[in-house]
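The values are calculated or read from the model by the stated rules, or taken from the named source; none is laboratory data. Since this is a predicted model, take the numbers as computed values, not measurements. Positions of Cβ are backbone-derived with ideal geometry, glycine not excepted, and every protein chain shown enters the neighbour counts.
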Amino acid sequence: MLKIPILWFALLAIIFNLAGFKIDKNIDKVLQMGAYATIVIQLIIFGMYLSQIKLKTINYNLSLKVAFAKHLILPTIGLIVIINTNLDPMIASLLLIELMVPLAVNTVNIAALYDCKPYDLTASILITTVIFISILYFYLQIIQYFLWS
């Protein structure tokens, strides 16, 4: 975990933010352009790995365990915590949705970089995305019932 550069830069960004450091508008624009470019590259890499997956070789056991944790356990724990706090319903809804969304595509880049089963991760992303799309309506109903009523 300590070898992952994004964690160190996230920590540095938090320190800069807490210190009140302001970024010039022009530099911020360049950083935004770089961020948008990396999104495209990440999706291309994800597509390259996705094109190599065969339905017979998917580790369904792993993918379903990940989906169970991502779509049932995490949202349930999050909902319990959110209900027992005095958060604004909008903030609480956003936090809960963050816990419900599928795995992120950028994790494939990290898995490929450190040779940590990128094909299994790609399959898990695909499966969690399909599950998320199919149960999104129910998630929204849960948010409506528990947080906005």
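Descriptive notes on the structure:
- Of all residue pairs spaced 6 or more apart or on separate chains, those with beta-carbon atoms under 6 Å, a first member in segment 83-101 that is without any contact (Cβ under 8 Å) to a residue 60 or more places away in the chain and a second member that is of a type outside the set (A, V, I, L, M, F, W, C) are L96/G78; L99/P75; L99/G78; M100/P75; M100/Y139.
- Checked against (1) part of a loop (DSSP other than H, G, I, E, B); (2) more than 28 Å from L7 (Cβ to Cβ), Q141 passes all but condition (1).
- Taking the criterion of being surrounded by 13 or more Cβ atoms within 10 Å (Cβ to Cβ) and not aromatic (F, W, Y), the residues of segment 49-68 that qualify are L50, I53, I58, N59, L62, S63, L64, V66, A67.
- Qualifying helices (runs of 4 or more DSSP H) (wholly inside segment 32-129; at least 1 residues being out of contact with any Ser or Thr (no Cβ under 8 Å at 6 or more places or on another chain), among the basic types (K, R) and under 25 Å from L7 (Cβ atoms)): 60-68
- Selection status of T76, under 13 Å from the mean Cα position of the chain (by Cα), under 30 Å from I143 (Cβ atoms) and at pLDDT 90 or above: no
- Whichever residue in segment 1-31 is among the small types (G, A, S) and not in a loop (DSSP other than H, G, I, E, B) and, among such residues, is farthest from N109 (Cα to Cα): A13
- Checking each residue in segment 111-135 for being out of contact with any helix residue (DSSP H, G or I) (no Cβ under 8 Å at 6 or more places or on another chain) and either of a type in the set (A, V, I, L, M, F, W, C) or modelled with pLDDT of 90 or more (or both) picks out L113, T129, V130, I133, S134.
- Residue within segment 60-72 that is among the hydroxyl-bearing types (S, T, Y) and closer than 20 Å to K117 by Cβ present: yes
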